[in-house]
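Data block below; observations after.
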Amino acid sequence: MTSPAGAGRYAPSPSGDLHLGNLRTALLAWCFARASGRRFLMRIEDLDRARDTGAAQRQLGDLARIGIDWDDEPVQQSDRAAAYAAAIAQLSDAGLVYECTCSRKDILAAPSAPHAPPGAYPGICRERTPAERAEARARIAPRLPAVRLRVPQGTSAPGFIDRVLGPVHGDIDDFVLLRGDGTVAYNLAVVVDDAAMGVDQVVRGDDLAPSTPRQILLQRLLGLPAPPEVEYAHVPLVLGPSGARLAKRDGAVTLGQLRDAGVTDGEVLGWLATSLHLAQPGERVTAATVLSRFDPAAVPTEPWTWRLATS
Ligand code: GLU
């Protein structure tokens, strides 16, 4: 399991301060990486919003505050446009992309292809002639077409064995690689960046497990490392008192808010460790202690429901 050359990572989107669910996922990603002798890297996923260095810096500060450390300078996706363009060009040269002029409404109105999974792109733009493509482009101007992956005929969705979830399968359609507004899609960016950063262990929230088969397909089509060389661990989310996924509306859920409520960073780390069965309730622990007790095979598979009063 030990892979000195490999790396794990945490890849937050800088949309605001990290909440307890994000911090717990980050702590798990750090434990998985460090316990296996891997390097641990940070990536700021600031593709689909204006660069917000304020939030990114606060997120990094909060991670450091609970004892998470990382190697190298954080990678910022907004600096990586050339790498994404090169990957799209590689797929394009191989005939694996096509332009899509569909609006959301067009997709909803189209009959779905037989046997297609619900919500799958029905392939409206897939088989256009150059003349039809030019006409479709002109029709949506000044909007620009999106770029979709042309999933090769006969491709079956790549399943994988997740270290927490076990076997995972998912559906694949001709998903978007580049949006009409020029924004690179998450699935493409994550695959390109993980490979460039030498990441061979991906630990993240289990809401992203269904995206993973798409990412594995892209890894294969781009000739990048894929499972079993790359391992995945999708960890359960944290739920708020209502039973829904923890969100800012659940009250004091960020380190800053909790500090204002009189809770120390060490206490928060203690809660997270307790939720992972790596500390006794009320026990004061350091991140190093949490790491020394960490067993990747014993990560709880059930979501943790957080309530301030009972934590
Ligand atoms: N940026 C994503 C998020 O904050 C995580 C992506 C990933 O880990 O692959 O949910």
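Tabulated data for the structure shown
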{"quantity": "Some residue of the range 47-63 being within 19 Å of Val199 (Cβ to Cβ), at pLDDT below 95 and either assigned to a loop (DSSP other than H, G, I, E, B) or more than 13 Å from the ligand (Cβ to nearest atom) (or both)", "calculated": "yes"}
{"quantity": "Output for the range 235-249, where each listed residue is assigned to a strand (DSSP E or B) and under 16 Å from Pro296 (Cα atoms)", "calculated": "Val235"}
{"quantity": "Residue satisfying condition, being at pLDDT below 95, closer than 21 Å to Leu28 by Cα and touching a strand residue (DSSP E or B) at 6+ places or on another chain (Cβ under 7 Å), within set Val199, Val203, Val253, Val235", "calculated": "Val253"}
{"quantity": "Members of the range 52-63 found to be of a type in the set (A, V, I, L, M) and loosely packed, with under 13 Cβ neighbours inside 10 Å, listed by number", "calculated": "none"}
{"quantity": "Top-ranked residue of the range 184-213 - restricted to ones that are within 10 Å of the ligand (Cβ to nearest atom) and more than 11 Å from the chain's Cα centre (by Cα), ranked as surrounded by the most Cβ atoms within 10 Å (Cβ to Cβ)", "calculated": "Val199"}
{"quantity": "Residue in the range 214-242 that is surrounded by the most Cβ atoms within 10 Å (Cβ to Cβ), counting only those that are in contact with a helix residue (DSSP H, G or I) (Cβ under 8 Å, 6 or more places away or on another chain), farther than 17 Å from Ala33 by Cβ and among the aliphatic types (A, V, I, L, M)", "calculated": "Leu218"}
{"quantity": "Residue count for the range 80-113, restricted to those that are modelled with pLDDT of 95 or more and at negative phi", "calculated": "22"}
{"quantity": "Subset of the range 69-112 (residues that are in a loop (DSSP other than H, G, I, E, B) and touching an Asp or Glu at 6+ places or on another chain (Cβ under 9 Å))", "calculated": "Arg80"}
{"quantity": "Residues satisfying the stated conditions in the range 181-234, i.e. of a type in the set (D, E, K, R) and either within 17 Å of Asp162 (Cα to Cα) or in a helix (DSSP H, G or I) (or both)", "calculated": "Asp193, Asp194, Asp200, Arg204, Asp206, Asp207, Arg214, Arg220, Glu229, Glu231"}
{"quantity": "Subset of the range 257-299 [under 25 Å from the mean Cα position of the chain (by Cα) and exposed (fewer than 14 other Cβ atoms within 10 Å of the Cβ)]", "calculated": "His277, Asp295, Ala297, Ala298"}
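The values are calculated or read from the model by the stated rules, or taken from the named source; none is laboratory data. Everything quoted here is computed from the prediction, not taken from an experiment. With ideal geometry, Cβ positions are generated from the backbone for all residues, glycine too; neighbour counts draw on all protein chains shown.
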